[in-house]
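The values are calculated or read from the model by the stated rules, or taken from the named source; none is laboratory data. Computed from a predicted structure; not experimentally measured. With ideal geometry, Cβ positions are generated from the backbone for all residues, glycine too; neighbour counts draw on all protein chains shown. The protein model used for the area step is the full one, side chains on, heavy atoms only, and it has no ligands, DNA or RNA in it. Shrake-Rupley method; radii C 1.70, N 1.55, O 1.52, S 1.80 Å.
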Amino acid sequence: MNIVEMRNINKSFPGVKALSNISFSVKPGEVHVLLGENGAGKSTLMKVLSGVYHPDSGSIVLNGVEHSKLNPRLSREGGISIIYQELSVVNWLDIRENIFMGRMQSKKLGPVSTIDYAKLNQDTKKLLKQVNLDKYEPNKMASELSISEKQMLEIAKAISFDAKCIVMDEPTSSLTESEVKKLFEIIRDLKSKGIGIVFISHKLSEIKEIGDRISILKDGNYVGTWNVSDLSEEDMVRLMVGRELEKSYQEGHGSFGEVVFEVKNLSRKDGKVRDFHMQVRKGEIVGLSGLVGAGRSEAMEAIFGAVPKTSGEILLEGKRLTIHTPYDALKNGIGLVTENRRETGFFQNFSNKRNISIASLLKKSKFGGVCGLIQEKNEKEMAEKAKLDLQIKWAGDAQLTKNLSGGNQQKVILGKWISAGVKVLIFDEPTKGIDVGTKSEIYKMMRRLAENGIIVIVVSSEMPELLAVCDRIMVMAEGKVRGEFDITEATEEKLAMLATGNGG
Amino acid sequence: MSQGKTNKFAQFWDRYSTVSILCIMILVFGILRPKSFLTPANLVKIIEQSSIYILLGLGEFFAILLGGIDLSISSIMALSGALTAKLMVDFGFSPVLAILVGVVLFGLGIGVLNGILVTGTGLPPFIITLGTQAILRSLVYILTNARSVSGLPTSFQTTIGGHFLFFPVPVMIALLTALVLSLFTWKTQCGRNLYAIGGNPQAAWYAGITVNRHTVIAFALSGLCAALAGMVNIARLAAAEPNAGTGYETYAIEAVIIGGASFFGGVGIIPKVIIGGLIIGTINNGLNMAGVSSFYQQLAMGILLIVAVTLDRFFGGRSK
Amino acid sequence: MSQGKTNKFAQFWDRYSTVSILCIMILVFGILRPKSFLTPANLVKIIEQSSIYILLGLGEFFAILLGGIDLSISSIMALSGALTAKLMVDFGFSPVLAILVGVVLFGLGIGVLNGILVTGTGLPPFIITLGTQAILRSLVYILTNARSVSGLPTSFQTTIGGHFLFFPVPVMIALLTALVLSLFTWKTQCGRNLYAIGGNPQAAWYAGITVNRHTVIAFALSGLCAALAGMVNIARLAAAEPNAGTGYETYAIEAVIIGGASFFGGVGIIPKVIIGGLIIGTINNGLNMAGVSSFYQQLAMGILLIVAVTLDRFFGGRSK
Amino acid sequence: AKTAETTAAAGETKAAAEASEKAGETEKAGEAASGDEAYAIVLKTQSSQFWQDMKAGIEDEAKKLNVTVDIQSGNTEDDVEGQVTILENFISSGKYKAIGVAPISDVNLNNAIAQATKAGIVVVDIDEKINADALGKLGGALSAYVATDNQAVGKMAGEELTKQLEKGSEVAIIEGKAGAISGEQRRDGAKAAFEEAGMKLVDSQPADWDRTKAFDVATNMMNAHPDLKAFYACNDTMALGIAEAVKKAGKDILVCGTDGDKEAISAVDKGEMTATVAQDPKAIGAKSLDLLVEAVKNGEKPEVGKEFKTYGIEAILINKDNAKSYLN
Ligand SMILES: Nc1ncnc2c1ncn2[C@@H]1O[C@H](COP(=O)(O)OP(=O)(O)OP(=O)(O)O)[C@@H](O)[C@H]1O
Ligand SMILES: Nc1ncnc2c1ncn2[C@@H]1O[C@H](COP(=O)(O)OP(=O)(O)OP(=O)(O)O)[C@@H](O)[C@H]1O
Ligand SMILES: [Mg+2]
Ligand SMILES: [Mg+2]
């Protein structure tokens, strides 16, 4: 019998049909993979299951009980536990309170029931051990954990429910490799206890490794369900994108011009980056690899002037640049596509047009962006051009960027920097959470930029990505450059060895 | 929360909610007091009386646009008025010079100070301006020794407090300020940047916007508008009062919020602030005209605030 | 912004900043006025006078904990006080019954109403409670016809306004309330849920916490504490004043924020609110004792607010 | 307490004469009082001219009598609790044997006064008439009451206006803040005068003692009642705002204020205002201090229920005829 049975679910948001007539089920002890492009409706389907969204029609059977409308509490009582795509850790609560949020063990104290912290500590310690976080005490503030540790905390929380079905919405996108291994161990253990898992990821190799069955969604429609072993990675891509993806990653031409961009002994005030240096030649794409926390994003932020640095020289086309703020960087033709689109990439209250034009306008302005006039005609042309160049799919240049899918948001951000005519463009995790189709488009775009003489630097935690787009890959660890490989000699193993500090 | 409201009414309301509320109010008061309320003279009066609320609202708008708030505007209004009056009366400054020093320089200066305190400490503007509100009010008392300053030059009074082509000059000042600020928000880089910062301060920083500098500018504009309100006020009254404007920051906030700006920043337009200010003026005038007892006036104001903003929340698209 | 401050002083300050500020203030006033300020009688008076700020601060704490604000507490304080007084004086209720109806039921009820308005409309608490502040104040005037209500039963006065084992009863009430609420926030599920909601409302909702219900509870507590302040106040004055508490929401907010709570929600503890309230009481008392003119008292309050919160911002760990 | 009220009523008529007569006597009292006696006075606020003048009057008198006096006030005219705190602090400082109070409402300081009585401190009531009944019940005692009778003030203003108006003319009142007793008494006095003279009171609204509000409210009233002939304002701050509104409206409407602020007197002199009923805050302040000093000199102890005297400081009508003489 299925532990979860969703039938004919329909769900619309203003202007979008997110789910049409989707049915979905989970059997005990299986890992059921959900696959689809960005915006296909995976997260929405799971949020319907967890009661965050109410479906327009359709029914959900949990434990043999039929529901037409759930809420998070009811869903949990029905045996569902979920790790949401967006982290839901409360920074100002400690670990145990995060795990047991809203359902802490109580004991009677006269007429009132009070929280039983002793019991809570015990339970927490057990869970932390399971997810390799036992170096922390249960009363450690969650704010002191790194992003990937927070994700592990979410996993601990999810397994603490004794749920019959655990949903994991892109749990691996912010985990390190060893943590992914740990997670898979946990999943296998849960399976053996007869717990059903829904697993969402854009990383096809992971799906092959851990999945049992796979359901594919496309634009809110149901494509089909298969056994994972019956599909090759190519099949998956074809089914979710609806066409064949040509193996697109063409390599660079091997021979490059002189060094045009150079960073020398860059150190940050907070010590997260020390003595960083890099050289980029004309037409070359340089990648930056390393473990989470190695200081790659931090180095890029420092180049970009977003954080104070204590030392460092930045040279572009032989000229020394003075960069104290992102404004200075922009003025000197440096752009940064940040790691976190939503928080630092674009303006939720701005239309596509405005999001694209902002940097170019700023670049033309004076006195720290204070003086300058706006010509709307110009803006419109700029947006139109970006749309054509980058093949952005939008309903119009006046549509709010926040209503685009992740991939298209990313393209808008790209459009912003390209319109500003940057000479150096730094990409930080450019394809995080972006589906394979869009990914290959973005790779092509990077190559095109490099061919047009723009310096392209790519920071990524996904080694296949770096191996696919870069001409040279540098490795960082503990805030320092550890070494570099030409693409012809780089392999995942070599990169990993250098990143973890073994060999060189 | 959204209930698929793609119907005509919602669209209409989204665009015209604030104007509609104003019209409904005028209609209601017009029906209640057809002879006294709906006269051209009274309507002009309403606009004149609203000019201070509009000016204060314009300033507050910039603080709220950044997702902050400026509680000190009422004190700035009083201090600037008192200073300008003192300069003319006790120090013999010419009106032009007094306005330059007491309104423009002072207003901008004190606003810059607010801005520097906010950006320098990183504290919520609510706290900083709560502090400066108290400090500045106390400076008004110290400056004036809690006495009103009268005997302003006639030329000052008849120009700023007078009429120009039938229209009261305070109205002209308010509308002109609104026009300039509208252009500023629509057509200049700086204005655009303020919206960006209000929408997402972190993204603004990463896009190359000098966030602190712009925050200071927003508070400077707030200070300047408050000082202009102070100038209009002393011209209208022909005197500067130490207690002037006490509690008026509330009117300003109401004007901005009723005008559809979001408390979370990044949303709102100047023309709607004007309507917001007119709404405040109309209620005050209408309730007077209708002879509503003062006990009930606050009641009406409170209910109106909640109802207007709720309507906007549910049918308007903007203030989410 | 953090500058690697792992030194001893920072750690100490993080924990004891609020207490330290209080101690410094007591020291300063003690040196200025050794004979009148630092007497046991005066110190007890300070605590007694602070009891209203503490009670209001305790209520405000819950609104701020959720990342909101409650501006209506001053009006609730006045209305509850007036109602309770009327019930005893005009309707012959026994004190116990009057307190039950006028303080407990009324305070909770009006708080629940605030909460329902906030959750039902989805509007910022600032706007809603700005509205209810005006509405409730106007109801006080209507209820009392803007006259003070005196002639409270002696039993009421001597109990609530009197002493118990040397200690003024208002102090006992404030401390008892603080104790209960401390336990509530530390030891109960509901209390912890409030922190979770304040820290990350979406995460709380995902975790199955009934966010709306808890928001209503927070405002109910705010209302109850304000009503208790109203009760203490009428007992202290031996009368209910229609203007009671005007502007006191500011003191409450200051007490909470000086006490280190964050305006963004999710951070803060009750004991520090008590210290915050004591700080407000000490400044008021100390400035009186030092014979500072009322002009300069506001000045001092404003500066102190900014300085205290800035110190906490730069050396304290929590209120980021 | 009942008897107190009756003697108070009787005392009122004599008061003015007594006040002037005693000038010489108090001088002697001053000599007798030793230099380090300290007195305290709690005022309503210091943020208006009336209270500033009263403070000045007290300070001048203190210099004359060679005593020290500490004067404090609330931050605003609404701050009923703030005043209590101040009075309590004065009491608990233990420095004072006699304290003067100008309460915001008729009862807000009662409980604190009762504390003063218990501490053996003599209290003189200034300006706002305390509800003596309620005070007595709480065990508080007053030594004297110094004020101008606000109802009489309003009446005087009303009569001055009606003198210049035809019977049946439309008149309006601009009140202070809702609930402020002194304002209400003035309003009631003016109302009575208008009724007696057969005027038609068309509107009476508060403008919160605020000049801008008074300006706007008056403008609106003139629009609503085009035949309006006169305004009475419960203080001069508002009267000046009204006068400005009248001037701007280009109408010929009488405006009478209250308090006798310098600015108002000069407006009367210039014909911009019709009249103002001046209280003499300096005299009120000085008299209050005299009484405090005298009580201490006489070793007076507070006695609950004892009758206390009322010293009425006469209000002065200032109109065009005598305005010059008050403008030094
Ligand atoms: N809160 C919302 N309001 C409006 N539309 C939404 C909302 N949440 C999701 N959608 C829309 O529903 C559709 C499905 O989105 P969903 O997040 O489920 O995609 P997804 O498959 O999880 O994509 P990804 O792989 O990027 O996580 C999209 O078109 C999205 O825009
Ligand atoms: N509020 C909204 N109203 C209308 N459509 C929306 C809204 N939000 C999102 N969408 C639609 O949802 C689709 C995907 O949006 P969404 O933000 O969920 O993408 P995503 O891929 O999940 O992003 P990410 O990978 O960064 O998490 C887009 O087609 C967009 O048009
Ligand atoms: Mg998703
Ligand atoms: Mg995604």
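I need a count of the residues in the stretch A:37-57 that are more than 11 Å from ligand 2 (Cβ to nearest atom), part of a loop (DSSP other than H, G, I, E, B) and crowded, with 22+ Cβ neighbours inside 10 Å. If you could, list the steps in order and put the result at the bottom.
Filtering the stretch A:37-57 down to residues more than 11 Å from ligand 2 (Cβ to nearest atom) leaves A:45-46, A:48-57.
Pick out the ones that are also part of a loop (DSSP other than H, G, I, E, B) and you get A:50-56.
Cutting the leftovers down to crowded, with 22+ Cβ neighbours inside 10 Å gives us A:50-51, A:55.
Count: 3.
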Checklist entry - Within the stretch A:97-117, is there a residue that is under 28 Å from the mean Cα position of the chain (by Cα), within 16 Å of ligand 3 (Cβ to nearest atom) and either touching a residue at least 24 places away in the same chain (Cβ under 8 Å) or not assigned by TED's automatic domain parsing to the domain that holds residue A:202 (or both)? => result no
Item to check | Residue among B:154, B:215 that is more than 24 Å from residue B:110 (Cβ to Cβ), more than 11 Å from every other protein chain (Cβ to nearest Cβ) and surrounded by fewer than 24 Cβ atoms within 10 Å (Cβ to Cβ) | outcome: B:154
Next on the checklist: Here are the criteria: (1) within 16 Å of ligand 3 (Cβ to nearest atom); (2) open to solvent by less than 20 Å² (accessible area, probe 1.4 Å). Tell me which single one residue A:93 does not satisfy.
Outcome noted: (1)
Item to check | Hits in the stretch C:263-287 - residues which are over 18 Å from residue C:36 (Cα atoms) and touching a Lys or Arg at 6+ places or on another chain (Cβ under 8 Å) | outcome: C:267, C:268
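Considering only the stretch D:125-176, how many residues are β-branched (Val, Ile, Thr), closer than 14 Å to residue D:259 by Cα and part of a helix (DSSP H, G or I)? So that I can check it myself, show each step before the final result.
First, pick out the residues of the stretch D:125-176 that are β-branched (Val, Ile, Thr): D:126, D:130, D:146, D:148, D:153, D:162, D:171, D:173-174.
Then keep just the ones that are closer than 14 Å to residue D:259 by Cα; that gives D:148, D:153.
Restricting the remaining residues to those that are part of a helix (DSSP H, G or I) gives D:153.
Of the residues in that region, 1 qualify.
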Checklist entry - For residue A:264, are the conditions met, namely being outside any strand (DSSP E or B), charged (D, E, K, R), open to solvent by 10 Å² or more (accessible area, probe 1.4 Å) and away from chain B (no Cβ under 14 Å)? => result no
Checklist outcome for this item: Filtering the stretch C:174-200 for residues that are buried (at least 21 other Cβ atoms within 10 Å of the Cβ) and away from every other protein chain (no Cβ under 13 Å) leaves a count of 3
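Hey, among A:15, A:64, which residue is at pLDDT below 95, over 20 Å from residue A:206 (Cβ atoms) and within 16 Å of ligand 2 (Cβ to nearest atom)?
Details: A:64 fails: within 16 Å of ligand 2 (Cβ to nearest atom).
Matching residue, one of A:15, A:64: A:15.
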Next on the checklist: I'm told residue D:74 meets every condition in (1) over 24 Å from residue C:146 (Cα atoms); (2) at pLDDT below 85 except one. Can you identify the failing condition by its number?
Outcome noted: (1)
Next on the checklist: Pull out all pairs, ordered by first then second residue, where Cβ-Cβ is under 6 Å, the residues are six or more apart or on different chains, the first lies in the stretch A:186-209 and is closer than 17 Å to residue A:81 by Cα, and the second is open to solvent by less than 50 Å² (accessible area, probe 1.4 Å) and within 16 Å of ligand 2 (Cβ to nearest atom).
Outcome noted: A:198/A:167; A:199/A:168; A:200/A:34; A:200/A:42; A:200/A:169; A:200/A:170
Checklist entry - If you take just the helices (runs of 4 or more DSSP H) that sit entirely in the stretch C:6-94, which of them hold at least 1 residues that are touching a strand residue (DSSP E or B) at 6+ places or on another chain (Cβ under 6 Å), aliphatic (A, V, I, L, M) and over 20 Å from residue C:309 (Cβ atoms)? => result C:73-89
Item to check | Per-region count, the stretch A:60-79, residues within 18 Å of residue A:19 (Cα to Cα), under 31 Å from the mean Cα position of the chain (by Cα) and surrounded by fewer than 17 Cβ atoms within 10 Å (Cβ to Cβ) | outcome: 1
Item to check | Odd one out for residue A:91 among (1) in contact with a helix residue (DSSP H, G or I) (Cβ under 6 Å, 6 or more places away or on another chain); (2) under 17 Å from residue A:171 (Cα atoms) | outcome: (2)
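Would you point out the residue of the stretch A:396-417, among those that are of a type in the set (A, V, I, L, M, F, W, C) and within 14 Å of chain B (Cβ to nearest Cβ), that is farthest from ligand 2 (Cβ to nearest atom)? Even if it seems obvious, please write down each step before you answer.
Taking the stretch A:396-417 as the starting set, the residues that turn out to be of a type in the set (A, V, I, L, M, F, W, C) are A:398, A:400, A:404, A:412-414, A:417.
This time we only want the ones that are within 14 Å of chain B (Cβ to nearest Cβ), so: A:398, A:400, A:412-414, A:417.
On the way: A:398: 14, A:400: 8, A:412: 12, A:413: 11, A:414: 14, A:417: 18 Å.
Only one residue tops the list, namely A:417.
Scan the stretch B:117-126 and give yes if some residue there is in a helix (DSSP H, G or I), surrounded by 24 or more Cβ atoms within 10 Å (Cβ to Cβ) and facing another protein chain (nearest Cβ under 10 Å), otherwise no.
Filtering the stretch B:117-126 for residues in a helix (DSSP H, G or I) gives B:117-121, B:125-126.
Those still in the list that are surrounded by 24 or more Cβ atoms within 10 Å (Cβ to Cβ) too: B:118, B:125.
In the following step, the residues that additionally are facing another protein chain (nearest Cβ under 10 Å) were identified as B:125.
Yes: one or more hits.
With the requirement that a residue be crowded, with 24+ Cβ neighbours inside 10 Å and of a type in the set (A, V, I, L, M), what does the stretch D:100-115 give you? Can you show your working first?
Filtering the stretch D:100-115 down to residues crowded, with 24+ Cβ neighbours inside 10 Å leaves D:100-105, D:107-113.
Passing the criteria: D:101, D:102, D:104, D:107, D:109, D:112, D:113.
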Checklist entry - Looking at the stretch A:12-49, which of the residues that are away from every other protein chain (no Cβ under 13 Å) and basic (Lys, Arg) is nearest to ligand 1 (Cβ to nearest atom)? => result A:42
Next on the checklist: Can you say whether residue A:432 is open to solvent by 40 Å² or more (accessible area, probe 1.4 Å), within 16 Å of ligand 3 (Cβ to nearest atom) and either among the β-branched types (Val, Ile, Thr) or assigned by TED's automatic domain parsing to the domain that holds residue A:321 (or both), as far as the supplied structure shows?
Outcome noted: yes
Checklist entry - Among all residue pairs at least 6 apart or on different chains, which show Cβ distances below 6 Å where the first residue, located in the stretch D:245-264, is within 17 Å of residue D:325 (Cβ to Cβ) and the second is acidic (Asp, Glu)? => result D:261/D:236; D:264/D:236
Checklist entry - Can you tell me how many residues in the stretch D:177-227 are farther than 25 Å from residue B:286 by Cα and either assigned to a helix (DSSP H, G or I) or within 14 Å of chain C (Cβ to nearest Cβ) (or both)? => result 12
Checklist entry - Can you tell me which of A:495, A:466, A:449, A:425 is among the hydrophobic types (A, V, I, L, M, F, W, C), more than 22 Å from residue A:277 (Cβ to Cβ) and crowded, with 17+ Cβ neighbours inside 10 Å? => result A:449
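Output the residues belonging to the stretch A:161-174 that are within 16 Å of ligand 3 (Cβ to nearest atom) and either out of contact with any Gly (no Cβ under 6 Å at 6 or more places or on another chain) or within 14 Å of chain C (Cβ to nearest Cβ) (or both). Give the steps one after another, and end with the answer.
Step one: filter the stretch A:161-174 for residues within 16 Å of ligand 3 (Cβ to nearest atom), giving A:167-174.
If the condition is that a residue be within 16 Å of ligand 3 (Cβ to nearest atom) and either out of contact with any Gly (no Cβ under 6 Å at 6 or more places or on another chain) or within 14 Å of chain C (Cβ to nearest Cβ) (or both), then A:167, A:168, A:169, A:170, A:171, A:172, A:174 are the ones that fit.
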Checklist entry - If we keep just the residues of the stretch B:157-173 that are over 30 Å from residue C:298 (Cβ atoms) and within 13 Å of chain D (Cβ to nearest Cβ), which is modelled with the highest pLDDT? => result B:169
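Checking the structure you have, find out if any residue of the stretch B:237-258 is within 14 Å of chain A (Cβ to nearest Cβ) and under 17 Å from residue B:68 (Cβ atoms). Don't jump to the end; show me each part of the working.
Going residue by residue through the stretch B:237-258, those that are within 14 Å of chain A (Cβ to nearest Cβ) are none.
Within the stretch B:237-258, none of the residues are within 14 Å of chain A (Cβ to nearest Cβ) and under 17 Å from residue B:68 (Cβ atoms).
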Checklist entry - Which residues, taken from the stretch A:1-36, are within 14 Å of ligand 3 (Cβ to nearest atom) and assigned to a loop (DSSP other than H, G, I, E, B)? => result A:36
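Checking the conditions here, which among A:483, A:453, A:407, A:437 is at pLDDT below 95, within 19 Å of residue A:203 (Cβ to Cβ), not aromatic (Phe, Trp, Tyr) and not assigned by TED's automatic domain parsing to the domain that holds residue A:381? Before the answer, list the steps.
Values: A:483 fails: within 19 Å of residue A:203 (Cβ to Cβ); A:453 fails: within 19 Å of residue A:203 (Cβ to Cβ); A:407 fails: not assigned by TED's automatic domain parsing to the domain that holds residue A:381.
Answer to the selection: A:437.
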